[in-house]
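Data first, discussion second: the structure below is written as structure tokens.
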Amino acid sequence: MTVTVDRRLSAPRSPRLTSPWMRGVAAVAAGALPALAFPAPSLWWLAYVALVPWLLLARSAGTARRAALDGWLGGAGFMIALHHWLWSSLHVFIVPLALFLGALWAPWGWLVRRLLGGAPGRDPGGRQVAAALVLVPCGWLMAELARSWQYLGGPWGLLGASQWQFTPALRLVSVGGVWLVSLLVVVVNTAVAVLITLPRARKPACAALAVVGLGTSAVWLWAPVPKRTGTVRIAVVQPGLIVGPQARFDREERLTRQLAGQGADLVVWGESSVSFDLTSRPDIARRLAALSSEVGADVLVNVDARRADGRGISKTSVLIGPDGPVGASYDKMRLVPFGEYIPARSLLGWATSVGKAAGEDRRRGDHQVIMSTGTLRLGPLVCFESAFPDMSRHLADGGAQLLVAQSSTSTFQHSWAPAQHASLGALRSAETWRPMVHATLTGITAVYDAQGRPVGSRLGTSRSTAAVYEVPLAGGHSPYDRYGDWAWHLAVILLAAGAVYEAFTRTRRVQQPSGPARRPVPRTRSHRPCPARWPARGR
């Protein structure tokens with residue numbers, strides 16, 4: 001008898017695929033790849049294929065548990081690569097933190113294998129691939145949504161944020177927020193992965209790419225755009241990297257005096273620009289009021305100091321006019337985990353011994369504030385609050401004409417952090433149809449119009465200067481501002497529908513018999529079996 005052996009099935013698999021350690025390294029590397037689409041490399045086009053290696057790895061997992069592990073390790077790799085600049089502050093603590101957040105992608109890895117892996121020895125069918133093209137991007141969005149919770153670090157580095165300088169993507173942002181862009185980027189990655197590994201399912205993959213292309217074109221052609229309502233002159237003061245709070249204040253004061261006679265409507269200083277409580281240092285308050293009078297504009301400062309009333313340390317935005325503080329001040333609401341407070345300090349307080357984690361928790365504000373100079377209504381944000389879409393939307397709904405983010409990334413001066421932070425302003429502007437000023441102590445300072453386009457030139461991390469920008473104002477409300485986070489709400493509904501369908505299918509499969517029913521054969525004397533223990537006749 002001749003036995004035919006299929007070499008494709010009998011050939012041993014490569015050790016690189018079977019070794020759990022090598023597979024783990026591959027998962028971390030695949031997850032790190034999308035970080036190159038963000039600033040400072042800013043290879044925005046890479047985002048549309050950067051997830052493909054990660055998708056192919058999770059799809060090829062031998063078990064569902066292995067696929068979930070691939071998702072987990074890939075998520076950890078993404079977190080480390082995107083936030084590697086935190087090493088100077090957190091040191092080795094960044095590894096367990098990345099592993100903790102990376103676990104949010106474990107369900108996504110399982111979902112990729114479930115929908116794109118198919119049964120053993122058989123590729124998934126067209127309907128299953130079509131479901132993957134819808135549900136895999138939705139699953140990714142759930143991971144982004146979960147880590148966007150402020151106590152898990154916030155929405156810094158959402159995949160859609162990598163498209164901050166791609167004009168068609170900014171138009172999509174005005175319709176569905178950064179969430180919609182993330183969703184469509186993952187659709188493209190999933191379709192490319194299908195075209196590479198499942199050529200028989202090219203029809204649904206090509207259809208998905210066509211839908212993304214046509215949808216983006218439709219938004220580009222027919223989505224509304226903001227209407228210009230006027231112009232304001234905004235001055236920003238960037239003192240540069242200066243050691244010592246008094247020396248920094250003196251430098252900011254000298255730079256601000258240079259703005260006299262330039263017709264500024266508002267002067268903006270960066271985060272932690274004033275390190276003295278104004279009630280306990282009336283001399284500093286008087287100098288700020290004199291600056292406002294000399295320049296002919298209100299000055300927005302940020303006070304990072306221990307309060308004289310004993311309520312701890314807070315980061316407070318204060319608008320200063322010729323007569324002193326104007327209107328209500330704003331206390332930063334969303335603090336940076338480990339940088340400005342330590343979550344569950346009783347358990348994680350040891351982080352202060354391995355890095356520059358906050359030795360004392362900052363005081364948290366409880367509401368947002370709209371400030372007014374008399375001719376301009378502005379909404380202040382502090383530091384990484386510019387990463388939260390809901391905060392800028394709330395300010396726009398409250399009547400803010402201008403968004404102002406006061407920031408300081410001096411601790412990470414020569415890393416990707418300043419560029420990543422400055423890019424967020426383009427997204428918040430496009431989402432709300434409100435121009436945004438991103439003012440920093442040490443750079444990068446940037447200004448964007450109501451469509452997320454740059455206004456003027458940036459102030460890099462090597463600059464110590466003051467600059468005035470002609471900022472166009474806009475009216476109305478963007479579709480995203482009106483309809484909110486419909487993109488991730490839709491993703492939740494689609495995933496829930498997929499889960500219900502999966503449960504229904506499994507229930508039917510369990511209830512159905514495994515094969516056709518066999519009719520019992522009636523026993524008669526002529527058909528009665530002869531037990532083997534009976535002796536044979538004739539012996």
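Odds and ends about this structure:
- Hey, LEU241 open to solvent by 70 Å² or more (accessible area, probe 1.4 Å), touching a helix residue (DSSP H, G or I) at 6+ places or on another chain (Cβ under 7 Å), part of a loop (DSSP other than H, G, I, E, B) and modelled with pLDDT under 95 or not: yes
- Condition broken by ALA76, with the remaining ones in (1) touching a Leu at 6+ places or on another chain (Cβ under 6 Å); (2) not in a helix (DSSP H, G or I) satisfied: (2)
- Answer residue from segment 501-516, given it is open to solvent by less than 100 Å² (accessible area, probe 1.4 Å) and either at pLDDT below 55 or not polar (S, T, N, Q) (or both) and is farthest from the chain's Cα centre (by Cα) among those: GLY515
- Complete set of residues in segment 285-335 that are among the hydrophobic types (A, V, I, L, M, F, W, C), touching a helix residue (DSSP H, G or I) at 6+ places or on another chain (Cβ under 8 Å) and surrounded by fewer than 20 Cβ atoms within 10 Å (Cβ to Cβ): MET333
- For segment 48-55, the criterion of being under 17 Å from the mean Cα position of the chain (by Cα), surrounded by fewer than 20 Cβ atoms within 10 Å (Cβ to Cβ), at pLDDT 95 or above and within 20 Å of VAL181 (Cα to Cα) is satisfied by no residue at all.
- Scanning segment 458-496 for residues that are outside any loop (DSSP other than H, G, I, E, B) and over 24 Å from the mean Cα position of the chain (by Cα) yields LEU459, THR465, ALA466, ALA467, VAL468, TYR469, GLU470, VAL471, PRO472, LEU473, ALA474, GLY475.
- Extreme residue, most open to solvent (accessible area, probe 1.4 Å), among residues of segment 141-165 that are aromatic (Phe, Trp, Tyr) and more than 11 Å from the chain's Cα centre (by Cα): TYR151
- Among the residues of segment 244-283, the one identified as of a type in the set (Gly, Ala, Ser), surrounded by 15 or more Cβ atoms within 10 Å (Cβ to Cβ) and farther than 24 Å from ARG362 by Cβ is ALA264.
- When residues of segment 365-378 are limited to those that are under 29 Å from PHE338 (Cβ atoms) and free of Cβ contacts under 8 Å to residues at least 40 places away in the same chain, the one surrounded by the most Cβ atoms within 10 Å (Cβ to Cβ): GLN368
- Taken over segment 396-432, residues that are β-branched (Val, Ile, Thr) and farther than 21 Å from ARG377 by Cα amount to 2.
- Residue satisfying condition, being surrounded by fewer than 24 Cβ atoms within 10 Å (Cβ to Cβ), closer than 28 Å to ALA474 by Cα and over 17 Å from the mean Cα position of the chain (by Cα), within set PRO168, PRO124: PRO168
- Any hit, segment 308-317, residues being of a type outside the set (D, E, K, R) and either in contact (Cβ under 8 Å) with a residue 60 or more places away in the chain or within 27 Å of PRO472 (Cβ to Cβ) (or both): yes
- Among residues of segment 51-71 that are hydroxyl-bearing (Ser, Thr, Tyr), those with a Cβ under 8 angstrom from a residue that is outside any helix (DSSP H, G or I), sequence gap 6+ or separate chain, pair up as SER60/GLY117.
- Test: TRP87 is assigned to a helix (DSSP H, G or I), over 16 Å from the mean Cα position of the chain (by Cα) and modelled with pLDDT of 95 or more: no
- Meets criteria (open to solvent by 20 Å² or more (accessible area, probe 1.4 Å), out of contact with any helix residue (DSSP H, G or I) (no Cβ under 7 Å at 6 or more places or on another chain), aliphatic (A, V, I, L, M) and farther than 18 Å from TRP433 by Cβ) for ALA235: no
- Subset tally (residues that are in a loop (DSSP other than H, G, I, E, B), under 28 Å from THR197 (Cβ atoms) and not small (Gly, Ala, Ser)) for segment 123-180: 4
- Selection from segment 297-327 of residues that are of a type in the set (Gly, Ala, Ser), at pLDDT 90 or above and part of a loop (DSSP other than H, G, I, E, B): ALA297
- Looking only at segment 80-107, and only at residues there that are in contact (Cβ under 8 Å) with a residue 40 or more places away in the chain and closer than 29 Å to ALA131 by Cα, the one that is most open to solvent (accessible area, probe 1.4 Å): LEU104
- Where TRP110 falls short, out of the listed (1) in contact (Cβ under 8 Å) with a residue 24 or more places away in the chain; (2) within 18 Å of the chain's Cα centre (by Cα): (2)
The values are calculated or read from the model by the stated rules, or taken from the named source; none is laboratory data. Here the structure is a predicted model, which is why all the values come from computation and not from measurement. Every residue, glycine among them, receives a Cβ derived from its backbone with ideal geometry; neighbour counts consider all protein chains shown. Remember, those area values only see protein heavy atoms, side chains included, never the ligands or the DNA or RNA. Shrake-Rupley method; radii C 1.70, N 1.55, O 1.52, S 1.80 Å.
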